[in-house]
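These notes are about the structure you will find just below.
The values are calculated or read from the model by the stated rules, or taken from the named source; none is laboratory data. Please read these numbers as outputs of a predicted model, since none were measured by experiment. Cβ placement follows ideal geometry from the backbone for every residue including glycine, while neighbour counts extend to all protein chains displayed.
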Amino acid sequence: MARPPSRPARAAKQHTARQESKLRLIAGVWRSRRLTFEEIPGLRPTPDRVRETLFNWLAPTIAGARCLDLFAGSGALGLEALSRGASEAFFVEYDASAARILRKNLELLGATTGQVWTGDALQYLAQPAARPFDIVFLDPPFRAGWLDRILPLLESGNWVAPGGYIYVEYEKETAPSTLPTTWISHRQKEAGQLRYQLFRRTAP
């Protein structure tokens, strides 16, 4: 996931002190592959068991899907989608260092259909959608009000294809206050303090 658009002035100096962690892809052509990502404040890759549940939900539709990982961070969701047969994954990540490592991991995997856009999610959605996505992954920083800003833009900008899916992670006590009327809840579960939910977009 991405961080909010404010960064400390000392970010360049702090970069050298960042620790590295490992991400494991669960299934698909890159099953059990481990990739490195930097530990950045606020970055919390989707846990393995949550990812496994999510992609079980998406199993009938993941093959050939175009995916948008809007708060990419480590890229766990978009990379897992590509591993399981998605045709394309577009990653949006604010932190330049995280975006650089994500590009490196895509190159390491030979994932030619993965692209990374470095910048703020709101800026990205301010552009016209050239073509809607089949699946959108949303794992924004907690307690920062991102979902209430992002969800209306996804709908008004036609970023999700009719019949497409929107996956959302959020803290249990703070559900999105407003949902587009064209979205219906498909599945949802909880894991600790996390609630994760899959919506389907009906035809407007």
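Within the group ALA144, ALA129, which residue is over 19 Å from PHE199 (Cβ atoms) and either under 17 Å from the mean Cα position of the chain (by Cα) or not hydroxyl-bearing (Ser, Thr, Tyr) (or both)?
Exactly one residue qualifies, and that residue is ALA144.
Test of understanding: among ALA59, ALA65, ALA81, ALA98, which residue is over 9 Å from the mean Cα position of the chain (by Cα) and at pLDDT below 95?
Being over 9 Å from the mean Cα position of the chain (by Cα) and at pLDDT below 95 holds for just one of ALA59, ALA65, ALA81, ALA98, which is ALA98.
Looking only at residues in segment 172-204 that are basic (Lys, Arg) and part of a strand (DSSP E or B), which one is farthest from VAL50 (Cα to Cα)?
Per the criteria, the residue is ARG201.
If a residue counts only when it is out of contact with any Ser or Thr (no Cβ under 9 Å at 6 or more places or on another chain), which strands (runs of 3 or more DSSP E) contained entirely in segment 20-134 have at least 3 such residues?
Of the strands (runs of 3 or more DSSP E) lying wholly inside segment 20-134, those with at least 3 residues that are out of contact with any Ser or Thr (no Cβ under 9 Å at 6 or more places or on another chain) span 114-118.
With the requirement that a residue be in a loop (DSSP other than H, G, I, E, B) and either under 16 Å from the mean Cα position of the chain (by Cα) or of a type in the set (Phe, Trp, Tyr) (or both), what does segment 147-171 give you?
TRP159
Please determine, by comparing only the residues of segment 148-171 that are within 18 Å of LEU54 (Cα to Cα) and surrounded by fewer than 17 Cβ atoms within 10 Å (Cβ to Cβ), which one is modelled with the lowest pLDDT.
It comes out as GLU171.
Would you call ARG34 out of contact with any helix residue (DSSP H, G or I) (no Cβ under 8 Å at 6 or more places or on another chain), surrounded by fewer than 20 Cβ atoms within 10 Å (Cβ to Cβ) and not hydroxyl-bearing (Ser, Thr, Tyr)?
For ARG34, the condition - out of contact with any helix residue (DSSP H, G or I) (no Cβ under 8 Å at 6 or more places or on another chain), surrounded by fewer than 20 Cβ atoms within 10 Å (Cβ to Cβ) and not hydroxyl-bearing (Ser, Thr, Tyr) - is met.
Under 8 Å between Cβ atoms, which residue pairs at least 6 apart in sequence (or on different chains) link something in segment 185-201 that is in contact (Cβ under 8 Å) with a residue 24 or more places away in the chain with a partner that is in a loop (DSSP other than H, G, I, E, B) and aliphatic (A, V, I, L, M)?
From segment 185-201, the pairs are ARG195/ALA175; PHE199/LEU179.
Mind checking whether some residue in segment 176-192 is farther than 21 Å from ALA76 by Cα, out of contact with any His (no Cβ under 7 Å at 6 or more places or on another chain) and charged (D, E, K, R)?
Within segment 176-192 (the criterion being farther than 21 Å from ALA76 by Cα, out of contact with any His (no Cβ under 7 Å at 6 or more places or on another chain) and charged (D, E, K, R)), the answer is no, since none of the residues qualifies.
If a residue has to be on the phi < 0 side of the Ramachandran plot and either polar (S, T, N, Q) or touching a Lys or Arg at 6+ places or on another chain (Cβ under 9 Å) (or both) to count, how many in segment 66-78 make the cut?
Residues in segment 66-78 being on the phi < 0 side of the Ramachandran plot and either polar (S, T, N, Q) or touching a Lys or Arg at 6+ places or on another chain (Cβ under 9 Å) (or both): 5 in total.
Count, please, the residues in segment 190-204 that happen to be farther than 13 Å from THR46 by Cα and exposed (fewer than 14 other Cβ atoms within 10 Å of the Cβ).
The number of residues fulfilling the criteria is 3.
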